[in-house]
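The values are calculated or read from the model by the stated rules, or taken from the named source; none is laboratory data. Predicted, not measured: the structure shown is a model, and the values here were computed from it. All Cβ positions, glycine included, derive from the backbone under ideal geometry; neighbour counts span all protein chains shown.
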Ligand SMILES: [Zn+2]
């Protein structure tokens, strides 16, 4: 495999609805910003990988609708759909295209409009098996809520610790002009907000967002020619678990993420994750998932995430900044969300994160999960070549 | 382009398509037993010996077919739980508690409702439906061969 760099990233402002644009127009906006960032013209992109989750937009394969907005007509084009993981899987697929030598410049592009449908949870309920499980009324929130109840039971994590996750995310989002929800909240605000699915409250759950983003991958040779400050890809990993969540060993531990994490760190040459990684953009639409993900990826021990969060270890000025973008809790255009994590990771290691810049950030991790706690995608990018 | 907010037009659409899913041989047998005899069956993998519930015609870990039906009790223990207070299109009326329940004799957990107790106030509900709570199936009188033939699992201590 060849060394690969990211030479441009772009994202739209995320909102509940973007009534000023159609699906393909949003795509055009995201792609244009990535081209602008890379100072490239569309003709220089050799291949496209497009990610979205169809039913949220109410269109069968919006990838076909938005091909013009992606600038892909007449070019190779592959569509990716892996639930919440979609965005980062799309990034990994575009990375593979360049790393393999199949193309020198490839673009990952994702558009999602969760706001156009009246009810995302009803759509998410159709993810589970129609024969055995759908009647039980589970949505995506059920995933986060079951993990929360189990983590509280097994490790003694608290409502307050989860509230701090929300507080930190909302504070970070205030510094991100692209973030959807931009309000300052206190732990009391979180713990007094409306109960959605016990134990999760309103301010522990993500919004439904509309928007697009794009990432341009290039071979080392092209990156040297085209980009003075690229983000270098150090490693990636993707993994899928069983469809059957009742067969997971314990819902308090995200074992399949631990496995993917070990593969990722091996590929990226990371021995001590919390010491060597400066920024982690974790896909956590529910507060409880930040706890499980920090533990699964070895950023702290099992059951230690809550106390570490209380100590401020994962704040902007902590040992490792988690979700400087404000994370998924403040912005969730589902099929694009994973790629937004990578966009933020790249902005951080290239020093372009403006008001939310983590000082001297050199190594950043992007993560996404999807399905019935089923899929994970991970990528590490660095300021320097590995 | 001139931008006047009030000029953005919205186009209404609907995507409401009925489907008829195939339950297959294995789930059909499982549902017949529920419907006719109020019995729950898991299925054993001949290789790793685990009893799967819900039952499937193969073990994905060993990649072999499963053939041994194993009766499982309609009683078990709540392993994780959440209690929903929001109403979503086409989904059950809240409040309802969703639990992963380990039935006696099964090696995996079944997702189902826990009910038969007052869930209206979450502060009280979370004390009634806890991890570790023993629950027993409450069956419908008129059964159709579907997971909902069990209305919910009721905490055994509840009156
Ligand atoms: Zn087996």
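Filtering the range B:68-77 for residues that are within 12 Å of chain A (Cβ to nearest Cβ), in contact with a helix residue (DSSP H, G or I) (Cβ under 8 Å, 6 or more places away or on another chain) and within 20 Å of residue A:245 (Cα to Cα) leaves an empty set. Among residues of the range A:118-140 being under 20 Å from residue A:81 (Cα atoms) and assigned to a helix (DSSP H, G or I), the one that is farthest from the other protein chains (Cβ to nearest Cβ) is A:140. Here the condition is being out of contact with any helix residue (DSSP H, G or I) (no Cβ under 8 Å at 6 or more places or on another chain) and crowded, with 22+ Cβ neighbours inside 10 Å; of A:99, A:72, it holds for A:72 alone.
Only one of these conditions is not met by residue A:63: (1) at pLDDT below 95; (2) crowded, with 23+ Cβ neighbours inside 10 Å; (3) over 13 Å from residue A:112 (Cβ atoms). Which number is it? Failed condition: (3).
Exactly one residue out of A:101, A:115, A:84, A:139 is on the phi > 0 side of the Ramachandran plot and touching a strand residue (DSSP E or B) at 6+ places or on another chain (Cβ under 9 Å): that is A:101.
Counting only strands (runs of 3 or more DSSP E) that fall entirely inside the range A:181-263 and contain at least 3 residues that are in contact (Cβ under 8 Å) with a residue 60 or more places away in the chain, the qualifying elements are A:210-219, A:231-240.
Filtered by the rule that a residue be at the interface with chain A (Cβ under 10 Å from one of its Cβ atoms), part of a helix (DSSP H, G or I) and more than 16 Å from the ligand (Cβ to nearest atom), the range B:14-60 gives B:24, B:27, B:28, B:30, B:31.
Based on this model, can you work out whether residue B:126 counts as within 10 Å of chain A (Cβ to nearest Cβ) and over 30 Å from residue B:28 (Cβ atoms)? It is true that residue B:126 is within 10 Å of chain A (Cβ to nearest Cβ) and over 30 Å from residue B:28 (Cβ atoms). Among the residues of the range B:61-75, those identified as closer than 20 Å to residue B:146 by Cβ and either within 11 Å of the ligand (Cβ to nearest atom) or buried (at least 18 other Cβ atoms within 10 Å of the Cβ) (or both) are B:72, B:74. Can we say residue B:132 is over 28 Å from residue B:20 (Cα atoms), loosely packed, with under 15 Cβ neighbours inside 10 Å, more than 16 Å from the ligand (Cβ to nearest atom) and at the interface with chain A (Cβ under 9 Å from one of its Cβ atoms)? Yes. Within this structure, residue A:163 fails the test of being more than 14 Å from chain B (Cβ to nearest Cβ), outside any helix (DSSP H, G or I) and over 18 Å from the mean Cα position of the chain (by Cα).
One residue alone among B:96, B:88 is within 12 Å of chain A (Cβ to nearest Cβ), crowded, with 17+ Cβ neighbours inside 10 Å, more than 14 Å from the chain's Cα centre (by Cα) and within 24 Å of residue A:124 (Cβ to Cβ), and that residue is B:88.
Somewhere in the range A:239-261, is a residue over 17 Å from the mean Cα position of the chain (by Cα), farther than 29 Å from residue B:108 by Cα and modelled with pLDDT of 95 or more? Taking every residue of the range A:239-261 in turn, none turns out to be over 17 Å from the mean Cα position of the chain (by Cα), farther than 29 Å from residue B:108 by Cα and modelled with pLDDT of 95 or more.
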